[in-house]
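Engineer: Please see the structure below; I have some questions.
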């Protein structure tokens, strides 16, 4: 097996925070890029808050900068340095980092980095070939560019929230920040596309990604159905729950593939919160196979279920009958029986199911145990990619705060030991009022305390 | 937006052979809109996705599928029966000219035709082949059949989306629509290919990429794995909000127009100056109640009275439209968003300012149709749709005769043979 990673040699300076930006760089890191996460752990700063109150601490554990599971997963495969970019000495170090970086990635509100003197024009003066990817909510161009958002509001504004739910009920939306995960994907995609262009032409550029616009792209054919057919999304039967079409409403395609039935969720044996499965029959032949798997029940022989139009019209009765069968079987047993007979069915899986019961993720090595210096060995996720000529597994849990200061500042930028110590003392690399006891992996901190006491 | 025109796109030097159905066509489209020469290879008669609606003016026809148009812009198209020897020969000739092969067939299918990665590599050693499949190339589920909603069930999406019991009793877990399992898979296929291109640039080496949509979906569930890993938590579904181990948090409110606003609750983390900015906006509707009083300059008062604050806010939000609340909240620096449909998005001038939309010529209709395209503005090399989706076999002659040097007579024979 090769030890090569595809993005080996690529250096990414990561000024992003919260989730969407860090998710982009997590993937780039797994694929071999050196991702340098720039943090400032002063209480109240965004990086401090990124590591502390967003939960993910184990029950009973007092939150500190290094024990968030949430942070450790989102920031796997990266280095961490601390830097106060608000001081002249901090700016100088940031400038030196930019000179040796291929990519800068950030997800601040439009205008914030420009105000700090770190906009694209300024950075391009330092490093004209840099690829500078901004991933704000609304983008940097446009009248509402200063609006801010988070995954859930991006989902709302892009039409993603509305396409999820039962008809005549409030939108169900997405139960996690789908647009953070997906916005992050687009951040990585833009980096890679711009890199390809730079490898060919030598030219860097600025990419102004709007995360809300990404969500609009991902609503399927809904946009064209409106711009071309003038069909409103606020209409009876839309969104259609888990169905392709809601019976008793006008028969229309609802942007989830072919309009077929069955296409629904059904309860399975056990009656637990996630004891559900999903079954889809995409044609009459698959329906007949399902009838066979169900044991040829009498109800299914009714002619009204023999055609797709009949099944669409009589979904309530059909789905009730199908569920009468599914509740007798465990969701995994049911799915494998169906699949072996050529019927499309899968279990609804929770996180616990995916970690503990999913034989496919297990066989494919989707999870990897990595040892975190504070939280110990835990399961992390690998990228969903296997490559014949490169390694694609996750290789480190999220970094301890500032753990790579010495390697980056001395090893990469060539600071002397004396200069490194001085930057700690003058507050460039560590907030003066932040207690240092919990960070013994940074020996400089102890020295700094001594130095300060002497002064 | 810049008005400068460019002769080449971001990926303008690349040729992609797309042997992909609904699972991978989005990846090809995104690369094509970046300037890659994406040749979509369809079976004679056209790809099955052409039969998926909605259709132009509700006329079901393989050349009228809005679904197909959305997912296949900027591509060229040829028809080819790769199960026939001659079809395979044509494909091999194309592989020699290509950088990337993107395919979504069941694992083992292309190898059984003599078109697997090892065979293609012998034709073109630097080829990057991406196999995007429901569950990956190996494992007990590798040959399972699928659908977008099945991936969302197994991937973990459904277990996190749905309703609080008090809102919709007995509600099932919900799979959001829009074809997003295919989108999620296509995004990772794009990333895999992009990384492999970087490696090829550095080393000259091509490779085979095995991307599992199941793994893509499982990874796209934010905190669920971390929450389980930390405390063994099973997340509860909440109406329009984040699934969580604990009780629901305020996430959406209905305005007077019946439309919803996505927002967060006020409370301990609301600084006094931010509360005041919001109260000033509420006061323009005469609905600030006591929120402008000096006592709220004390964070402790905000924390103690958070229930009252949220009641006042809720009353105000119910008295204004979701659109008013969105802009009012944003101007007070709250990251709120109106729960919009396409109608509201299309009429928001912000997206016109950014040039999100593009009018794309459909010569057969004598019409220009409006597509979403520029999700990101690249300063040197803009994303744009270079042409509407190909007609069935539209570029057969251009590619087979013009580029592979086949005569028209030979192509005619292939057509009679059912190869093209």
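The values are calculated or read from the model by the stated rules, or taken from the named source; none is laboratory data. Just so it is clear, the model here is predicted, and its values are computed rather than measured. Here the Cβ is made from the backbone with ideal geometry for all residues, glycine too, and neighbour counts use every protein chain on show.
Engineer: Going through the range B:205-224 one residue at a time, which ones are part of a helix (DSSP H, G or I) and facing chain A (nearest Cβ under 7 Å)? Step through it out loud before you land on a result.
Structural biologist: First, the residues of the range B:205-224 that are part of a helix (DSSP H, G or I): B:213-219, B:224.
Of everything in the range B:205-224, those that are part of a helix (DSSP H, G or I) and facing chain A (nearest Cβ under 7 Å) turn out to be B:214, B:215, B:216, B:218, B:219, B:224.
Engineer: Here are A:202, A:183, A:220: which of them is more than 7 Å from chain B (Cβ to nearest Cβ), more than 25 Å from residue A:323 (Cα to Cα) and surrounded by 24 or more Cβ atoms within 10 Å (Cβ to Cβ)? First the steps, then the outcome.
Structural biologist: On the way: A:202 fails: surrounded by 24 or more Cβ atoms within 10 Å (Cβ to Cβ); A:220 fails: more than 7 Å from chain B (Cβ to nearest Cβ).
From the options A:202, A:183, A:220, the qualifying one is A:183.
Engineer: Follow-up question, since we're still on this one. Hey, does the range B:187-196 have a residue that's surrounded by fewer than 24 Cβ atoms within 10 Å (Cβ to Cβ) and either outside any helix (DSSP H, G or I) or without any contact (Cβ under 8 Å) to a residue 24 or more places away in the chain (or both)? I'd like the intermediate steps shown before the answer.
Structural biologist: Narrowing the range B:187-196 to residues surrounded by fewer than 24 Cβ atoms within 10 Å (Cβ to Cβ): none.
For the range B:187-196, residues surrounded by fewer than 24 Cβ atoms within 10 Å (Cβ to Cβ) and either outside any helix (DSSP H, G or I) or without any contact (Cβ under 8 Å) to a residue 24 or more places away in the chain (or both): absent.
Engineer: Okay, next question. Among the residues of the range A:427-438, are any in contact with a strand residue (DSSP E or B) (Cβ under 7 Å, 6 or more places away or on another chain) and modelled with pLDDT of 95 or more? First the steps, then the outcome.
Structural biologist: In the first step, residues of the range A:427-438 are kept if they are in contact with a strand residue (DSSP E or B) (Cβ under 7 Å, 6 or more places away or on another chain); the result is A:429-430.
From what is left, the residues that are modelled with pLDDT of 95 or more are A:429.
Scanning the range A:427-438 turns up at least one residue that is in contact with a strand residue (DSSP E or B) (Cβ under 7 Å, 6 or more places away or on another chain) and modelled with pLDDT of 95 or more.
Engineer: Scan B:286, B:204 and give me the residue that is surrounded by fewer than 23 Cβ atoms within 10 Å (Cβ to Cβ), in the same structural domain as residue B:127 (by TED's automatic domain parsing) and more than 30 Å from residue B:134 (Cβ to Cβ).
Structural biologist: B:204
Engineer: With the requirement that a residue be within 7 Å of chain B (Cβ to nearest Cβ) and touching a residue at least 40 places away in the same chain (Cβ under 8 Å), what does the range A:143-153 give you?
Structural biologist: Going through the range A:143-153, the residues within 7 Å of chain B (Cβ to nearest Cβ) turn out to be A:143-144, A:147-150, A:152-153.
Across the range A:143-153, the qualifying residues are A:149, A:150.
Engineer: Looking at (1) over 17 Å from the mean Cα position of the chain (by Cα); (2) more than 24 Å from residue B:329 (Cα to Cα); (3) facing chain B (nearest Cβ under 7 Å); (4) without any contact (Cβ under 8 Å) to a residue 12 or more places away in the chain, which is the one condition that is false for residue A:125?
Structural biologist: (3)
Engineer: Restricting the search to the range B:185-204, which residues are in contact with a helix residue (DSSP H, G or I) (Cβ under 9 Å, 6 or more places away or on another chain) and at the interface with another protein chain (Cβ under 7 Å from one of its Cβ atoms)? Steps first, answer last, please.
Structural biologist: So in the range B:185-204, the residues in contact with a helix residue (DSSP H, G or I) (Cβ under 9 Å, 6 or more places away or on another chain) come out as B:185-191, B:193-195, B:197-198, B:201-202.
Of everything in the range B:185-204, those that are in contact with a helix residue (DSSP H, G or I) (Cβ under 9 Å, 6 or more places away or on another chain) and at the interface with another protein chain (Cβ under 7 Å from one of its Cβ atoms) turn out to be B:187, B:188, B:190, B:191, B:194, B:195, B:197, B:198, B:201, B:202.
Engineer: Given the criterion assigned by TED's automatic domain parsing to the domain that holds residue B:89, closer than 14 Å to residue B:75 by Cβ and under 26 Å from the mean Cα position of the chain (by Cα), identify the matching residue among B:389, B:380. Let's see the steps before the verdict.
Structural biologist: Working: B:380 fails: closer than 14 Å to residue B:75 by Cβ.
After applying the criteria, what remains is B:389.
Engineer: Could you tell me whether residue A:380 is buried (at least 16 other Cβ atoms within 10 Å of the Cβ) and assigned to a strand (DSSP E or B)? Can you show your working first?
Structural biologist: Numbers: buried (at least 16 other Cβ atoms within 10 Å of the Cβ): yes; assigned to a strand (DSSP E or B): yes.
Judged against the criteria, residue A:380 is a match.
Engineer: Kindly indicate which of B:313, B:317, B:309 is crowded, with 16+ Cβ neighbours inside 10 Å, closer than 13 Å to residue B:279 by Cα, more than 14 Å from chain A (Cβ to nearest Cβ) and touching a strand residue (DSSP E or B) at 6+ places or on another chain (Cβ under 9 Å).
Structural biologist: Unique residue meeting the criteria: B:313.
Engineer: With the condition kept exactly as written, say whether any residue in the range A:126-139 is surrounded by fewer than 23 Cβ atoms within 10 Å (Cβ to Cβ), at pLDDT 90 or above and outside any loop (DSSP other than H, G, I, E, B).
Structural biologist: Just the residues of the range A:126-139 that are surrounded by fewer than 23 Cβ atoms within 10 Å (Cβ to Cβ), to begin with: A:126-130.
Okay, now just the ones that are also at pLDDT 90 or above, so A:126-130.
Right, trim to outside any loop (DSSP other than H, G, I, E, B) and you get A:126.
There is at least one residue in the range A:126-139 that is surrounded by fewer than 23 Cβ atoms within 10 Å (Cβ to Cβ), at pLDDT 90 or above and outside any loop (DSSP other than H, G, I, E, B).
Engineer: Additional query: Would you check if there is a residue in the range B:159-174 being closer than 23 Å to residue B:71 by Cβ, within 7 Å of chain A (Cβ to nearest Cβ) and either more than 20 Å from the chain's Cα centre (by Cα) or crowded, with 23+ Cβ neighbours inside 10 Å (or both)? Spell out the reasoning first.
Structural biologist: Taking the range B:159-174 first, the residues closer than 23 Å to residue B:71 by Cβ are none.
No - not one qualifying residue is present in the range B:159-174.
Engineer: Let me ask you something else. Evaluate the following for residue B:246: is it free of Cβ contacts under 8 Å to residues at least 60 places away in the same chain, more than 29 Å from the chain's Cα centre (by Cα), surrounded by 15 or more Cβ atoms within 10 Å (Cβ to Cβ) and within 14 Å of chain A (Cβ to nearest Cβ)? Let's see the steps before the verdict.
Structural biologist: On the way: free of Cβ contacts under 8 Å to residues at least 60 places away in the same chain: yes; more than 29 Å from the chain's Cα centre (by Cα): yes; surrounded by 15 or more Cβ atoms within 10 Å (Cβ to Cβ): no; within 14 Å of chain A (Cβ to nearest Cβ): yes.
It is false that residue B:246 is free of Cβ contacts under 8 Å to residues at least 60 places away in the same chain, more than 29 Å from the chain's Cα centre (by Cα), surrounded by 15 or more Cβ atoms within 10 Å (Cβ to Cβ) and within 14 Å of chain A (Cβ to nearest Cβ).
Engineer: So, one more: Could you pull out the residue among A:429, A:420 that is more than 14 Å from every other protein chain (Cβ to nearest Cβ), surrounded by fewer than 20 Cβ atoms within 10 Å (Cβ to Cβ) and over 30 Å from residue B:130 (Cα atoms)?
Structural biologist: Numbers: A:429 fails: surrounded by fewer than 20 Cβ atoms within 10 Å (Cβ to Cβ).
From the options A:429, A:420, the qualifying one is A:420.
Engineer: Can you say whether residue A:286 is more than 13 Å from chain B (Cβ to nearest Cβ) and either closer than 21 Å to residue B:154 by Cβ or surrounded by 15 or more Cβ atoms within 10 Å (Cβ to Cβ) (or both), as far as the supplied structure shows?
Structural biologist: It is false that residue A:286 is more than 13 Å from chain B (Cβ to nearest Cβ) and either closer than 21 Å to residue B:154 by Cβ or surrounded by 15 or more Cβ atoms within 10 Å (Cβ to Cβ) (or both).
Engineer: Is it fair to say residue B:350 is closer than 21 Å to residue B:62 by Cα and surrounded by 14 or more Cβ atoms within 10 Å (Cβ to Cβ)? Break it down stepwise before answering.
Structural biologist: Values: closer than 21 Å to residue B:62 by Cα: no; surrounded by 14 or more Cβ atoms within 10 Å (Cβ to Cβ): yes.
Taking the combined requirement at face value, the residue does not satisfy it.
Engineer: Taking the residues in the range B:144-153 that are in contact with a helix residue (DSSP H, G or I) (Cβ under 6 Å, 6 or more places away or on another chain) and facing chain A (nearest Cβ under 7 Å) as candidates, determine which candidate is surrounded by the fewest Cβ atoms within 10 Å (Cβ to Cβ). Step through it out loud before you land on a result.
Structural biologist: Just the residues of the range B:144-153 that are in contact with a helix residue (DSSP H, G or I) (Cβ under 6 Å, 6 or more places away or on another chain), to begin with: B:144, B:148, B:151-152.
Checking which are facing chain A (nearest Cβ under 7 Å) leaves us with B:144, B:148.
Values: B:144: 23, B:148: 28.
Ranking the qualifying residues of the range B:144-153, first place goes to B:144.
Quick grid of which residues meet (1) within 14 Å of chain A (Cβ to nearest Cβ); (2) outside any helix (DSSP H, G or I); (3) over 25 Å from residue A:172 (Cα atoms); (4) touching a residue at least 40 places away in the same chain (Cβ under 8 Å):
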site: B:330; (1), (2), (3), (4): yes, no, no, no
site: B:334; (1), (2), (3), (4): yes, yes, no, yes
site: B:345; (1), (2), (3), (4): yes, no, no, no
site: B:352; (1), (2), (3), (4): yes, no, yes, no
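Engineer: Run residue A:371 past the list (1) more than 11 Å from every other protein chain (Cβ to nearest Cβ); (2) modelled with pLDDT of 95 or more; (3) more than 23 Å from the chain's Cα centre (by Cα) and report the number of the one that doesn't hold.
Structural biologist: Status for residue A:371: all satisfied but (3).
Engineer: Looking only at the range A:72-92, decide whether some residue is free of Cβ contacts under 8 Å to residues at least 60 places away in the same chain and buried (at least 22 other Cβ atoms within 10 Å of the Cβ). Lay out the reasoning, then the answer.
Structural biologist: At the first step, the residues of the range A:72-92 found to be free of Cβ contacts under 8 Å to residues at least 60 places away in the same chain are A:85-86, A:88, A:91-92.
Retained after the next criterion (residues that are buried (at least 22 other Cβ atoms within 10 Å of the Cβ)): none.
The answer is no, given that none of the residues of the range A:72-92 is free of Cβ contacts under 8 Å to residues at least 60 places away in the same chain and buried (at least 22 other Cβ atoms within 10 Å of the Cβ).
Engineer: Of (1) without any contact (Cβ under 8 Å) to a residue 40 or more places away in the chain; (2) in contact with a helix residue (DSSP H, G or I) (Cβ under 8 Å, 6 or more places away or on another chain), residue A:135 satisfies all except one. Which?
Structural biologist: (1)
Engineer: Across the range A:95-110, what is the number of residues that are surrounded by 19 or more Cβ atoms within 10 Å (Cβ to Cβ) and within 26 Å of residue A:202 (Cα to Cα)?
Structural biologist: So the count comes out to 9.
Engineer: Shifting gears a bit: Can you name every residue in the range B:354-370 that is buried (at least 17 other Cβ atoms within 10 Å of the Cβ) and facing another protein chain (nearest Cβ under 7 Å)?
Structural biologist: B:354, B:356, B:369 - these are the residues of the range B:354-370 that are buried (at least 17 other Cβ atoms within 10 Å of the Cβ) and facing another protein chain (nearest Cβ under 7 Å).
Engineer: Taking residue A:353, is it assigned to a helix (DSSP H, G or I), under 20 Å from the mean Cα position of the chain (by Cα) and at pLDDT 95 or above? Walk me through how you get there before you give the answer.
Structural biologist: Numbers: assigned to a helix (DSSP H, G or I): yes; under 20 Å from the mean Cα position of the chain (by Cα): yes; at pLDDT 95 or above: yes.
Judged against the criteria, residue A:353 is a match.
Engineer: Here is a list: B:76, B:64. Which entry is in contact with a strand residue (DSSP E or B) (Cβ under 6 Å, 6 or more places away or on another chain), under 19 Å from residue A:251 (Cα atoms) and assigned by TED's automatic domain parsing to the domain that holds residue B:115?
Structural biologist: Values: B:76 fails: under 19 Å from residue A:251 (Cα atoms).
One residue alone meets the criteria, B:64.
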